Amino acid sequence: MCGIFGIVAAKERELGPVLVEAGKRLSYRGYDSVGCATLSAGGAIDLRKDVGKVEEVASRHRLAQMRGLRGMTQLRWATFGAPSRANAQPHLDSSGEMVGAHNGNVVNNVELRAQFLAEGMTVRSTNDGESCVHAVERHIRQGATVLESIGRAARDLQGDYAYLLGRADEKVLYAFKKGSGLVAGVGDGFTCVASDLPCLLPLTRRVLRIRDGEAVVLHADRLELFDAATGTRVEREPEEVTETMEAAQKGGYPHFMLKEIHEQPQVARELIHLLGASKHVAPFVERLRRARHLYLVACGTSYHAALLGAVYFARLAGKPAVPVLAPQFLAQYVPALGAEDAGLFVSQSGETKDVLNALEAARAQGAAVLGLVNVLGSTLMTASDRYLPLACGYEISVPATKTFVNQCVAFLHLALRLGGRPVRTLDGLPALLQETIESAEPQVAALAPQLVDKEDLYCLGYGLTYPIALEGALKLKEVTYAHCEGMLSTEFKHGPLSAVRQGYPVLFAGQSEDVPLLVSGINECACRGARTVVVSQDDPRLRANAGDLVVLPPADPLLSAILAVVPLQLLAYRLSVARGFDPDFPRNLSKTLTVD
Ligand code: M6R
């Protein structure tokens, strides 16, 4: 996930050290290349950028020595295309008199680049940050002011992003926000702006949170805020913030796990836009279609997403796919694998050794190897014939949450495309996820005290919600240390039912399609004394039969399966905290498992 920082000083000075330190503070977001630009009082632009870590690029290009009145730094996390010096940011306009950088995704980048070239502009990279600069340049060339141009460029640039730019012949910087984070600050003799609050905190505590559609002009002594669409001034004063650095990194949430659960609507929105506009999806789908046998290979949470993916593929595209845990793939399928087959390897980190072993074995058999991965630049990304990004930004908490949701989004998108169906089915998901978080939080808060001392639980699901039950159970055991087994609801009667006694907790992940089956599962347990908790859409039959019902908003069953994971994530989080554990760093576990 890229990050930007900009500063406007009252007097020309050595800005390099400030830019490098700001870059280091943004580095937790994940990145593969770094760049800085300074603009001197005399109108010169000094631009230095490269692939690598902040410290490496700083020493290779002597970033600390950069001087100017204004400066900006950008950390790039490649979404598509190899990280390269040309694609690193900031970028110049055609004449080299304006420089800018962005974070986020401009999803119509390919089309815009073609337009800019046709209009005679100089385009030096394939990076979408450069498109932000040219989108503004295009309107300046037609005689508009910079602010007017920013307002008009917003109509051209599709996606979620924020950008920053400066012109050689002025003394200000401009920044604009649409969908991605942007916070401005006022200090003693300078103003600044960044993708997030933690980046600004060591410099100032007087901050102005920029809203979508707003442009901010940074002068050395003040900020001016505008509604970019109308050009009208927005009167909002900077506020004094009191957060600590650590609290600010957690975005005001007590733990990263809770923050990342709350980020799910936004990351889903960004991935839906990205996949909808990407030219990489069609050939990916074609490779899946051609596969004689298709395997979805993963571990842990990523495997649960693969299970849901297989249900989507069969249901929406009539395409059988075999979800399989990576080490078992070696024993069960690799010996029979051939060049007509394909493996889709799914991993948040892209470094899970079990998954990489499976990929190498598949490649050795001549099968196609495809990747679905969050960490760009990871081994899985480079080892795959083709890959698609999950575009979640860094997931810091060990329990995977937002990456699971985006794995499900990616699978649903692929299944719809494979089946030749409209992908707009997914459009409502971000708002539904938001509604689910808001409605589930109080319901889960009321439920948690009644489950906090349970050491043994089951979590059951069926069809579309079977993978969700497994994922809910994994979240619960991972952060509460209680035993929680996920299972196909219909299997419960084939053995585990014997564990049920008075007060024994059985959770059900359900949805409207499966109410009759849910009712029978609930009663099978309840009549033996179980305490049943159902996560599903509201239904009088469930109200009449379930011990507790955590209500999901009405939704298409394809989407409601994804929604059902949210209350289970929140329940796991609440129980972990109530039991005195740190959900972000569960004992014995690691975020990236690079061992066999
Ligand atoms: O990085 P990966 O997706 O390959 O990781 C796979 C599992 O280790 C991971 O999903 C693990 O199960 C999570 N910590 C679960 O929350």
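The values are calculated or read from the model by the stated rules, or taken from the named source; none is laboratory data. What you are looking at is a predicted structure, and each value in this text was computed from that prediction instead of being measured. For neighbour counting, all protein chains shown are included, and Cβ atoms are generated from backbone atoms with ideal geometry for every residue, glycine included. In case anyone asks, the SASA skips ligands and DNA or RNA and just uses the protein heavy atoms, side chains included. Shrake-Rupley method; radii C 1.70, N 1.55, O 1.52, S 1.80 Å.
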(Q) Being open to solvent by less than 90 Å² (accessible area, probe 1.4 Å) and under 31 Å from the mean Cα position of the chain (by Cα) is the filter here; which residues of the stretch 231-240 pass it? (A) VAL234, ARG236, PRO238, GLU239
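If I filter the stretch 298-316 down to residues being away from the ligand (no atom under 16 Å from the Cβ) and out of contact with any Lys or Arg (no Cβ under 8 Å at 6 or more places or on another chain), which single residue comes out as most open to solvent (accessible area, probe 1.4 Å)?
If we filter the stretch 298-316 for residues that are away from the ligand (no atom under 16 Å from the Cβ), which is where we start, we get 310-316.
Still in the running and out of contact with any Lys or Arg (no Cβ under 8 Å at 6 or more places or on another chain): 310-312, 314-315.
Details: ALA310: 14, VAL311: 44, TYR312: 0, ALA314: 56, ARG315: 108 Å².
Out of the qualifying residues, it is ARG315.
Looking for whichever is assigned by TED's automatic domain parsing to the domain that holds CYS484, within 16 Å of the ligand (Cβ to nearest atom), within 29 Å of the chain's Cα centre (by Cα) and over 27 Å from GLY495 (Cα atoms) here; the options are VAL551, VAL566, VAL577. Which one fits?
Answer to the check: VAL566.
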Q | Within the stretch 344-363, considering residues that are open to solvent by 30 Å² or more (accessible area, probe 1.4 Å) and either more than 13 Å from the ligand (Cβ to nearest atom) or among the charged types (D, E, K, R) (or both), the one nearest to ALA410 (Cα to Cα) | A | GLU351
Q: Would you mind telling me which numbered condition in (1) in contact with a Cys (Cβ under 9 Å, 6 or more places away or on another chain); (2) modelled with pLDDT under 95; (3) of a type in the set (A, V, I, L, M, F, W, C) LEU15 fails?
A: (2)
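From the list ASP341, ASP385, which residue is open to solvent by 20 Å² or more (accessible area, probe 1.4 Å), more than 11 Å from the ligand (Cβ to nearest atom) and touching a strand residue (DSSP E or B) at 6+ places or on another chain (Cβ under 8 Å)? Show your work before the answer.
Details: ASP341 fails: open to solvent by 20 Å² or more (accessible area, probe 1.4 Å).
One residue alone meets the criteria, ASP385.
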Q: Count, please, the residues in the stretch 403-451 that happen to be in a helix (DSSP H, G or I) and either more than 18 Å from LEU275 (Cβ to Cβ) or open to solvent by 50 Å² or more (accessible area, probe 1.4 Å) (or both).
A: 21
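Could you list all residues from the stretch 29-56 that are open to solvent by 10 Å² or more (accessible area, probe 1.4 Å) and either hydrophobic (A, V, I, L, M, F, W, C) or in contact (Cβ under 8 Å) with a residue 40 or more places away in the chain (or both)?
Here is the first cut: in the stretch 29-56, the ones open to solvent by 10 Å² or more (accessible area, probe 1.4 Å) are 29, 31-32, 40-53, 55-56.
Scanning the stretch 29-56 gives ARG29, TYR31, ASP32, ALA41, GLY43, ALA44, ILE45, LEU47, LYS49, VAL51.
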Q: Please identify the pairs in which a residue from the stretch 397-419 that is more than 26 Å from GLU246 (Cα to Cα) has its Cβ atom under 6 Å from the Cβ atom of a residue that is within 13 Å of the ligand (Cβ to nearest atom) and part of a helix (DSSP H, G or I), counting only partners at least 6 apart or on another chain.
A: GLN407/ALA305; CYS408/ALA305
Q.
Need a quick list: helices (runs of 4 or more DSSP H) entirely within the stretch 493-596 having at least 3 residues that are surrounded by fewer than 18 Cβ atoms within 10 Å (Cβ to Cβ).
A. 515-526, 540-545
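Just to check your reading of the model, which residue among GLU485, GLU471, GLU491, GLU524 is of a type in the set (Asp, Glu), touching a Gly at 6+ places or on another chain (Cβ under 8 Å) and farther than 17 Å from ALA446 by Cα?
Working: GLU485 fails: touching a Gly at 6+ places or on another chain (Cβ under 8 Å); GLU491 fails: touching a Gly at 6+ places or on another chain (Cβ under 8 Å); GLU524 fails: touching a Gly at 6+ places or on another chain (Cβ under 8 Å).
Of the residues listed, the single one that is of a type in the set (Asp, Glu), touching a Gly at 6+ places or on another chain (Cβ under 8 Å) and farther than 17 Å from ALA446 by Cα is GLU471.
Return the total of residues in the stretch 94-107 being modelled with pLDDT of 90 or more and surrounded by fewer than 24 Cβ atoms within 10 Å (Cβ to Cβ).
Filtering the stretch 94-107 for residues modelled with pLDDT of 90 or more gives 94-103, 106.
Filter again for surrounded by fewer than 24 Cβ atoms within 10 Å (Cβ to Cβ), leaving 94-97.
Residues meeting the conditions: 4.
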Q: Test each condition in (1) open to solvent by 10 Å² or more (accessible area, probe 1.4 Å); (2) assigned to a helix (DSSP H, G or I) for GLU260 and report the one that comes out false.
A: (1)
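Within the stretch 351-381, can you find the residues that are free of Cβ contacts under 8 Å to residues at least 24 places away in the same chain and touching a strand residue (DSSP E or B) at 6+ places or on another chain (Cβ under 9 Å)?
GLU360, ARG363
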Q: Scan (1) aliphatic (A, V, I, L, M); (2) more than 10 Å from the ligand (Cβ to nearest atom); (3) under 25 Å from the mean Cα position of the chain (by Cα) for the single condition LEU294 breaks and write down its number.
A: (3)
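Tell me which residues, restricted to the stretch 247-257, are open to solvent by less than 30 Å² (accessible area, probe 1.4 Å) and in contact (Cβ under 8 Å) with a residue 60 or more places away in the chain. Don't jump to the end; show me each part of the working.
First, the residues of the stretch 247-257 that are open to solvent by less than 30 Å² (accessible area, probe 1.4 Å): 248, 250, 256-257.
PHE256, MET257 - these are the residues of the stretch 247-257 that are open to solvent by less than 30 Å² (accessible area, probe 1.4 Å) and in contact (Cβ under 8 Å) with a residue 60 or more places away in the chain.
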(Q) Out of the residues in the stretch 317-327 meeting the condition of being more than 14 Å from the ligand (Cβ to nearest atom) and not hydrophobic (A, V, I, L, M, F, W, C), tell me which one is most open to solvent (accessible area, probe 1.4 Å). (A) PRO320
Q.
Filter the stretch 472-486 down to the residues that are more than 10 Å from the ligand (Cβ to nearest atom) and open to solvent by less than 10 Å² (accessible area, probe 1.4 Å) and list them by number.
A. GLY472, ALA473, LEU476, THR480, ALA482, CYS484
Q: Find all pairs meeting these conditions: Cβ atoms under 8 angstrom apart; at least six residues apart or on different chains; first residue within the stretch 129-153 and outside the structural domain of GLY96 (by TED's automatic domain parsing); second residue crowded, with 22+ Cβ neighbours inside 10 Å.
A: none
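For the stretch 1-28, name all the residues that are of a type in the set (D, E, K, R), surrounded by fewer than 20 Cβ atoms within 10 Å (Cβ to Cβ) and in a helix (DSSP H, G or I). Walk me through how you get there before you give the answer.
Keep residues of the stretch 1-28 that are of a type in the set (D, E, K, R), which gives 11-14, 21, 24-25.
Checking the rest, the ones that are also surrounded by fewer than 20 Cβ atoms within 10 Å (Cβ to Cβ) come to 11-14, 21, 24.
If the condition is that a residue be of a type in the set (D, E, K, R), surrounded by fewer than 20 Cβ atoms within 10 Å (Cβ to Cβ) and in a helix (DSSP H, G or I), then GLU21, LYS24 are the ones that fit.
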Q. If you check VAL369 against the conditions, is it among the β-branched types (Val, Ile, Thr), open to solvent by 10 Å² or more (accessible area, probe 1.4 Å) and away from the ligand (no atom under 11 Å from the Cβ)?
A. no
